[in-house]
1. Charges at C-beta only: +1 for Lys and Arg, -1 for Asp and Glu. How large is the resulting dipole of segment E:33-121 about its Cα centre, in Debye rounded to 20?
2. Below 8 Å between Cα atoms, with a sequence gap of 6+, how large is the relative contact order for segment B:22-171 in percent?
3. Given the rule -39500 (n - 2.57) for each run of at least 4 DSSP H residues, summed and divided by the residues of chain B, what is its mean residue ellipticity at 222 nm, to the nearest 500 deg cm²/dmol?
4. With a probe of 1.4 Å, find how much accessible area segment B:22-171 has per residue, and write the answer as a whole number in Å².
5. Quick one: grab the alpha carbon gyration tensor of the protein assembly as shown, order the square roots of its eigenvalues as a ≥ b ≥ c, and give me rounded if a/c is under 1.5, else prolate or oblate depending on whether a/b is larger than b/c.
6. Give the average, rounded to an integer, of partner chain Cβ atoms located within 10 angstrom of each Cβ in B:94-104.
7. Per residue of D:70-77, count partner chain C-beta atoms within 10 Å of its C-beta, then hand back the mean as an integer.
8. Once phi is turned into θ = phi - 60°, what whole-Hz ³J(HN,Hα) does the Karplus curve with 6.51, -1.76 and 1.60 give for every residue of segment A:6-14, x standing for Gly and Pro?
Amino acid sequence: MTSFTKGVIPSTEKFDGSSLRVLIVHTRWNYEIVEALVRGATETMTSEYNVKAENISIQSVSGSYELPFAAQSLIKASKMGTQWFNVVICIGVLIKGSTMHFEYIAEAVSQGIMRVSLDSGVPVVFGVLTCLNDEQALERAGLGDRESKHNHGIDWGRCAVEMGVKNCKWMSGII
Amino acid sequence: MTSFTKGVIPSTEKFDGSSLRVLIVHTRWNYEIVEALVRGATETMTSEYNVKAENISIQSVSGSYELPFAAQSLIKASKMGTQWFNVVICIGVLIKGSTMHFEYIAEAVSQGIMRVSLDSGVPVVFGVLTCLNDEQALERAGLGDRESKHNHGIDWGRCAVEMGVKNCKWMSGII
Amino acid sequence: MTSFTKGVIPSTEKFDGSSLRVLIVHTRWNYEIVEALVRGATETMTSEYNVKAENISIQSVSGSYELPFAAQSLIKASKMGTQWFNVVICIGVLIKGSTMHFEYIAEAVSQGIMRVSLDSGVPVVFGVLTCLNDEQALERAGLGDRESKHNHGIDWGRCAVEMGVKNCKWMSGII
Amino acid sequence: MTSFTKGVIPSTEKFDGSSLRVLIVHTRWNYEIVEALVRGATETMTSEYNVKAENISIQSVSGSYELPFAAQSLIKASKMGTQWFNVVICIGVLIKGSTMHFEYIAEAVSQGIMRVSLDSGVPVVFGVLTCLNDEQALERAGLGDRESKHNHGIDWGRCAVEMGVKNCKWMSGII
Amino acid sequence: MTSFTKGVIPSTEKFDGSSLRVLIVHTRWNYEIVEALVRGATETMTSEYNVKAENISIQSVSGSYELPFAAQSLIKASKMGTQWFNVVICIGVLIKGSTMHFEYIAEAVSQGIMRVSLDSGVPVVFGVLTCLNDEQALERAGLGDRESKHNHGIDWGRCAVEMGVKNCKWMSGII
């Protein structure tokens with residue numbers, strides 16, 4: 001079989017995040033994992049893209065179902081002031097349990113975050129892991145014992161800076 | 001395998017619910033379970049967060065499909081008066097049966113409650129159990145024989161106070 | 001296992017349906033079953049709640065996919081006149097076939113009816129059976145040979161009266 | 001088991017389609033099947049309901065994902081002129097392949113067509129087959145070798161005339 | 001079994017893309033595959049339909065979840081200028097992994113792209129492969145070792161030109 005390189009390649013553009021205002025909304029379920037993901041996103045944005053730590057607002061909610069509402073309400077709040085959030089990252093960890101809770105929450109949240117981004121005109125990064133077991137969640141937060149572990153928060157941080165910078169241009173009619 | 005603490009950690013903030021107005025809409029299917037969940041939510045809000053009993057409006061509908069409509073209509077009703085509901089909890093218990101009723105109701109209701117919260121700007125807590133059997137429902141209402149039983153209404157009460165208090169701030173532009 | 005009473009308990013309130021205007025929209029697929037369901041709903045509303053037979057408008061469409069559109073359009077039609085429909089019941093019977101038609105129709109219709117109720121402010125009862133075989137459909141229309149048979153139209157009629165009466169209050173700001 | 005008559009019964013009303021304007025939008029994938037379905041719908045409308053051939057506009061798109069957009073855009077186009085389309089039929093044939101393309105397209109299209117009908121106020125008949133194999137598609141277009149074959153386009157044509165005629169009344173406030 | 005010709009037949013109309021403005025938004029995950037798809041779409045539009053290379057704007061985002069937002073935002077940007085995009089192609093490659101990420105992203109994106117097209121009035125072609133393994137993705141980008149390989153970008157390019165040209169007519173009320 002012909003093979004190809006898996007994963008995401010970086011943009012050819014260099015993004016300067018120094019004037020970006022970023023909102024991270026995260027859950028407090030499975031908090032050790034969430035914390036690692038938030039840290040991965042935050043450190044990536046500040047160290048790789050010059051996002052200022054004071055321009056990253058970190059807010060928490062209880063569970064993933066609250067993420068779309070909180071994102072929408074906080075975006076609205078920021079628009080009352082002088083400095084809008086340029087991009088939002090919603091971070092949570094859903095793990096399959098014995099009921100169907102996982103499936104219905106994951107579906108409603110993935111659609112809800114999409115709606116909030118399209119309604120508000122502010123890009124919202126979907127940083128919700130939808131895992132079938134604990135090991136999958138740990139590994140995707142860069143924790144656990146596997147070699148293949150990788151903190152997805154890093155990807156979300158990169159994605160957020162890119163979308164935030166690009167959307168500023170797009171909102172000015174620059175393509 | 002590296003392990004982590006399951007469940008939700010409390011917010012570092014202390015929330016004062018003494019001025020909150022809360023709506024609980026619950027179903028009357030599988031009522032003994034629903035009643036335990038409603039009680040768990042109510043007692044948690046009054047005893048842990050000083051929510052006043054007279055500020056909790058408890059309304060019922062027949063089944064879970066009615067929850068989004070009732071929540072929306074009651075939110076609108078409250079906005080006609082002087083005191084809006086600050087937060088809503090929708091409580092129901094869906095249990096898998098032999099037809100596909102469970103799946104389609106669960107899907108429509110989880111999406112419908114999300115829509116009502118995003119449309120209205122009032123946070124709506126998703127307190128609908130989506131269980132594959134009776135035992136799962138009992139256990140999640142703090143009933144039944146298992147050691148692991150836990151009344152999820154407690155979590156929903158906490159979540160509601162937090163979202164209600166936070167959203168009051170967010171609506172004023174405070175982040 | 002601790003047990004609990006299955007099914008729905010009646011509201012503690014008595015509902016007077018004598019001034020309600022009710023729309024039933026039903027399909028004509030699997031008509032013998034649909035007819036039993038419509039009759040169950042109608043007789044329950046007139047005999048138990050004093051809904052006037054002349055205030056129940058019964059309209060038909062071909063299949064379930066037409067239900068949301070017909071409900072929406074008929075609600076709009078009633079709002080052109082002096083007497084709005086206070087509540088709608090959509091009745092249909094979907095039975096799993098060999099293609100995926102069942103699944104996509106059921107999904108679109110359960111979401112569509114939810115949308116129509118939330119958009120219009122008129123409660124719409126979801127009276128669509130989503131069955132995996134003929135026997136399940138017959139039993140839920142009170143037909144067939146099983147002891148456990150129960151006409152779900154009865155539940156939908158009760159639910160409709162309750163939602164219709166309650167929503168009249170809610171629309172006036174009474175909670 | 002008690003049995004019942006499967007299939008759809010005709011309306012008790014006779015519908016006169018002589019003044020109806022109908023839009024058919026069909027795909028060009030699996031065209032031999034689509035063509036049979038379009039012909040079934042068209043011939044039924046003209047021969048059974050006096051719909052005038054010149055009042056049926058037949059438009060094509062490539063695949064099923066394009067159907068909702070085309071229906072919406074063509075409805076808007078017709079509203080710019082003096083004669084609106086009274087009803088639309090979207091016709092396509094989706095057959096399960098080895099990827100998940102079938103599932104996601106079917107879901108988006110069944111929801112998309114529902115949205116277009118509810119947004120526009122023009123009934124849109126869902127004439128998309130969602131088949132697990134070729135034989136199912138052929139049979140439902142009245143092709144193939146089986147005795148049970150039946151051209152579903154016939155049902156869609158009947159459904160379209162009924163919805164078109166009824167919606168004209170409903171739009172005038174007549175129920 | 002009666003057989004039929006699989007695949008899509010060309011439109012009987014000849015489309016002239018020489019005045020079309022096309023937006024391609026593609027992801028950078030599994031980039032070698034995406035690149036082949038973008039090239040397939042681009043070359044088809046320029047060589048078969050006279051679309052001018054300078055009228056094709058190619059923009060990238062990180063992953064498929066960003067496609068609907070980027071499409072919406074870029075459409076809005078183009079409407080601020082004098083030359084709107086007439087059609088958009090969203091290109092990405094989702095491959096099933098061990099978590100449920102694939103399913104929720106695919107669902108949200110297929111619905112999100114549909115929403116953007118219906119909201120904006122600009123046709124958006126769904127060029128997202130939803131594959132269960134690498135081989136399926138390669139084959140559908142015209143790569144890999146199989147005889148049956150076919151670059152789907154070619155189909156999307158054709159579809160885009162057709163929808164772009166037709167929608168220009170439809171927007172002027174020409175059917």
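1. Values: 6 positive and 8 negative charges, 38 e Å.
So the magnitude is around 180 debye.
2. On the way: 261 pairs, mean separation 46.7, N = 150.
Dividing the mean separation by the residue count of segment B:22-171 yields 31 percent.
3. Working: 5 runs with 80 residues, N = 175.
The per-residue figure over chain B is -15000 deg cm²/dmol.
4. Working: 4740 Å² over 150 residues.
Value for segment B:22-171: 32 Å² per residue.
5. oblate
6. Values: counts 3, 2, 2, 2, 7, 12, 12, 10, 2, 8, 10.
The mean count of partner-chain Cβ atoms within 10 Å per residue comes to 6.
7. On the way: counts 5, 1, 4, 12, 5, 1, 4, 8.
Rounded to a whole number, the mean comes out at 5.
8. Running phi through 6.51 cos²θ - 1.76 cosθ + 1.60 with θ = phi - 60° gives 7, x, 10, 8, x, 5, 6, 7, 9 Hz.
The values are calculated or read from the model by the stated rules, or taken from the named source; none is laboratory data. Fair warning: this is a prediction, and the values are worked out from it, not measured in the lab. So basically every Cβ, Gly included, is an ideal-geometry build from the backbone, and we count neighbours across all protein chains shown. Protein only, heavy atoms only, side chains kept; ligands, DNA and RNA dropped before computing areas. Shrake-Rupley method; radii C 1.70, N 1.55, O 1.52, S 1.80 Å.
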